[in-house]
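Engineer: If you scroll down you'll find the structure; I have some questions about it.
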Amino acid sequence: MSSIIQINNLSKSYWRNNLEIPVLHNINIDVADGEFLALMGPSGSGKTTLMNLIAGIDHPTKGSLSVAGTDITKLNESSLAKWRSSNVGFVFQFYNLIPVLTAFENVELPLLLTKLSKAERKKHVETALNIVGLGERIYHYPKQLSGGQEQRVAIARAIVTDPVILVADEPTGDLDKNSAQEILNLMERLNKEFKKTIVMVTHDQHAAERASRLLHLEKGDLV
């Protein structure tokens, strides 16, 4: 399989006054197209920082990072924002749904930045919500949904633009055991049936076991 994500000698440091705080050290990873990769490690190990770099949310201190042939470390902020909107789907621990919008409206949000017509947007939103099993909850508000259903809406929002990669930050961290299993089943289906490349950060060993590959980070190093 060809690599869709190529990470070479990637390092990230933050500065506090004149003190350099290294977070990641010379990371090298190739992620195959269609792979489901899990990143594990204790708090402060750098796994969320690495995911944010892959998603183009943050800039590395050095090294290169290519996604689908684009070295995103060379993009300026406006180009990076445009790249993110069409290439990356985000799934967060706390859903980040807007309470005053329906499931349909929440999922439609990323499409408002595209040139799709209203009818085309409607078709994309309905397809995404049907994939996550919420076709009958399309006009429900977040407060009318369970936590697991809210996360399904968030996943529908992440996939509605048909992104190149999905990044998930502790996607089951705020869910009960049964809801967590349902979300992991869905993510596994997105990977296997729809061939989505997924990078997931998790503390949960059971969640990590769903991935096709597991990498551990320890104090900024791959171990």
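Rule-based calculations on the coordinates, nothing more; no lab input. Small disclaimer: the values here were computed from a predicted structure and weren't measured. Neighbour counts run over all protein chains shown; Cβ positions are idealised from the backbone, glycine included.
Engineer: Which of rounded, prolate or oblate describes region 1-81 when judged by the alpha-carbon gyration tensor and an a/c cut-off of 1.5?
Structural biologist: oblate
Engineer: Shifting gears a bit: So what J values fall out for region 17-27 if you push phi through Karplus, 6.51 cos²θ - 1.76 cosθ + 1.60 with θ = phi - 60°, rounded to Hz, Gly and Pro as x?
Structural biologist: 6, 9, 9, 7, 10, x, 10, 10, 10, 6, 7
Engineer: Something else: Give me, ordered by chain and number, the residues 5 or more places off Thr197 or on other chains with an amide H under 5 Å from its own placed amide H.
Structural biologist: Amide H neighbours of Thr197, under 5 Å, 5+ apart: Gly34, Leu166.
Engineer: May I ask you to derive the FRET efficiency for Leu113 and Leu75 from their Cβ-Cβ distance with R0 = 25 Å, giving the value to the nearest 0.05?
Structural biologist: The computed FRET efficiency comes out at 0.90.
Engineer: Going down the list Lys123/Lys195; Lys62/Lys177; Lys118/Lys143, which pairs span over 29 Å between their C-alpha atoms?
Structural biologist: Check vs 29 Å cut-off fails for Lys62/Lys177.
Engineer: While we're looking at this one, here's another question. Residues with amide H under 5 Å of Glu218's amide H, sequence separation 5 or more or different chain, H placed in the peptide plane at 1.01 Å from N; which?
Structural biologist: Here Val223 satisfy the definition.
Engineer: Let me ask you something else. Using θ = phi - 60° and the Karplus curve 6.51 cos²θ - 1.76 cosθ + 1.60, what whole-Hz ³J(HN,Hα) does each residue of region 47-55 get, with Gly and Pro shown as x?
Structural biologist: Values, residue by residue: 5, 5, 4, 5, 4, 5, 5, 4, 7 Hz.
Engineer: Taking R0 as 41 Å, what's the FRET efficiency between Tyr139 and Ser11 from their Cβ-Cβ distance, rounded to 0.05?
Structural biologist: 0.30
Engineer: From the C-alpha gyration tensor of the chain, pull out the three semi-axes of the equivalent ellipsoid (sqrt of 5λ each), sorted largest to smallest, in whole Å.
Structural biologist: Taking √(5λ) for each Cα gyration eigenvalue gives 29, 20, 16 Å.
Engineer: Moving on. Using the Cα centre of the chain as the reference point, and only Cβ charges (+1 on K/R, -1 on D/E), how large is the resulting charge dipole? Debye, rounded to the nearest 20.
Structural biologist: 480
Engineer: Per residue of region 153-169, what does 6.51 cos²θ - 1.76 cosθ + 1.60 with θ = phi - 60° give for ³J(HN,Hα)? Whole Hz please, x for Gly and Pro, Karplus curve as stated.
Structural biologist: Karplus-based 3J(HN,Hα) across region 153-169 equals 4, 4, 5, 4, 4, 5, 9, 5, 8, 6, x, 5, 9, 10, 10, 10, 9 Hz.
Engineer: Rank these for me by crowding, Lys12, Lys122, Lys177, Lys47, going from fewest to most other beta carbons within 10 Å.
Structural biologist: Listed from fewest to most nearby Cβ atoms, that is Lys177, Lys122, Lys12, Lys47.
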